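Can you keep this structure in mind? I'll have questions shortly.
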Amino acid sequence: MLLKGSLISRQGSVNVVSAGSLEVRNQISAGAGVSLQANAGDLTLAAVSRVDAAGTITLDAAGSVILDGPIGGTTAPAALLVTADSSIKASRETSTLRSAAEVSLTAPVIHFDGLLTTTGNTPTAGDYEVRISAADELRLTGRFSTAGSVLIDSPAAPQISNFTASQTGTDSRWKIQSAADVALGRTV
């Protein structure tokens, strides 16, 4: 399924389900939530796309989720939930993700090279507003600007290089957990 036109619901939700792959090349905006689902393929937000919602934005793919366009640029969602059976990839040049509070990225492979911004502070000790979970491979080379706490979970050896993180929230913290070595640093 290829979406070239705009889908706008000022007060309600936008739900799009594709039997195969789904590619978005324009604006999707909702006063409530947005749900995009690719049941047998990849979900792609092209660089020319834009997804905004006041509620929860949910992206789910049986293949990969490819994030090239901005999410929450005009209206930051209350939550951004991205799951993929294969991989999540966010490009350095055009991928900008913004959320008012919760962000969850879950896939076997995650390559995050873009910008992630959250504005919601940690209200409860022990919770994590941003959760990155990669079962097989994690590479972070982008930039995080978060107010809430961040949990990075990768059983394999995560690679975190050329990565910038800033945290502004009171009582917020970072936790990186891995069953293997964690590589941090800058590569030339």
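The values are calculated or read from the model by the stated rules, or taken from the named source; none is laboratory data. What you are looking at is a predicted structure, and each value in this text was computed from that prediction instead of being measured. All Cβ positions, glycine included, derive from the backbone under ideal geometry; neighbour counts span all protein chains shown. Please note that ligands, DNA and RNA were not included when accessible areas were found on the heavy atoms of the full protein model with its side chains. Shrake-Rupley method; radii C 1.70, N 1.55, O 1.52, S 1.80 Å.
Which residues, taken from the stretch 88-106, are in a strand (DSSP E or B) and open to solvent by 10 Å² or more (accessible area, probe 1.4 Å)?
Within the stretch 88-106, 89, 96, 98, 102, 104, 106 meet the criteria.
Additional query: For the stretch 145-188, which positions are among the basic types (Lys, Arg) and assigned to a loop (DSSP other than H, G, I, E, B)?
Of everything in the stretch 145-188, those that are among the basic types (Lys, Arg) and assigned to a loop (DSSP other than H, G, I, E, B) turn out to be 173, 186.
While we're looking at this one, here's another question. Run down 147, 165, 135, 183 and say which single residue is touching a Pro at 6+ places or on another chain (Cβ under 8 Å) and closer than 25 Å to residue 93 by Cα.
The conditions single out 183.
Please note which strands (runs of 3 or more DSSP E) are completely contained in the stretch 43-85 and include at least 3 residues that are among the acidic types (Asp, Glu) and surrounded by fewer than 20 Cβ atoms within 10 Å (Cβ to Cβ).
In the stretch 43-85, there are no strands (runs of 3 or more DSSP E) which contain 3 or more residues that are among the acidic types (Asp, Glu) and surrounded by fewer than 20 Cβ atoms within 10 Å (Cβ to Cβ).
Out of all the residues in the stretch 77-96, which are of a type in the set (Val, Ile, Thr) and farther than 23 Å from residue 164 by Cβ?
83
Could you count how many residues in the stretch 140-158 are surrounded by 20 or more Cβ atoms within 10 Å (Cβ to Cβ), within 27 Å of residue 63 (Cα to Cα) and not aromatic (Phe, Trp, Tyr)?
Looking only at that region, the number is 6.
Residue by residue through the stretch 122-135, note down the ones that are open to solvent by 70 Å² or more (accessible area, probe 1.4 Å) and modelled with pLDDT of 85 or more.
131
Of the residues that make up the stretch 3-20, is at least one of a type outside the set (A, V, I, L, M), in contact (Cβ under 8 Å) with a residue 40 or more places away in the chain, open to solvent by 10 Å² or more (accessible area, probe 1.4 Å) and within 20 Å of residue 105 (Cα to Cα)?
No, that holds for no residue.
Another question about this same structure. For residue 171, which of the numbered conditions (1) surrounded by fewer than 13 Cβ atoms within 10 Å (Cβ to Cβ); (2) at negative phi fails to hold?
The single condition residue 171 does not satisfy is (2).
Filter the stretch 107-123 for residues that are part of a loop (DSSP other than H, G, I, E, B) and more than 13 Å from the chain's Cα centre (by Cα); which is farthest from residue 87 (Cα to Cα)?
123
Then there is this: So for the stretch 35-42 (the condition being under 29 Å from residue 127 (Cα atoms), within 18 Å of the chain's Cα centre (by Cα), crowded, with 18+ Cβ neighbours inside 10 Å and modelled with pLDDT of 95 or more), does at least one residue qualify?
Yes; the residues of the stretch 35-42 include at least one that is under 29 Å from residue 127 (Cα atoms), within 18 Å of the chain's Cα centre (by Cα), crowded, with 18+ Cβ neighbours inside 10 Å and modelled with pLDDT of 95 or more.
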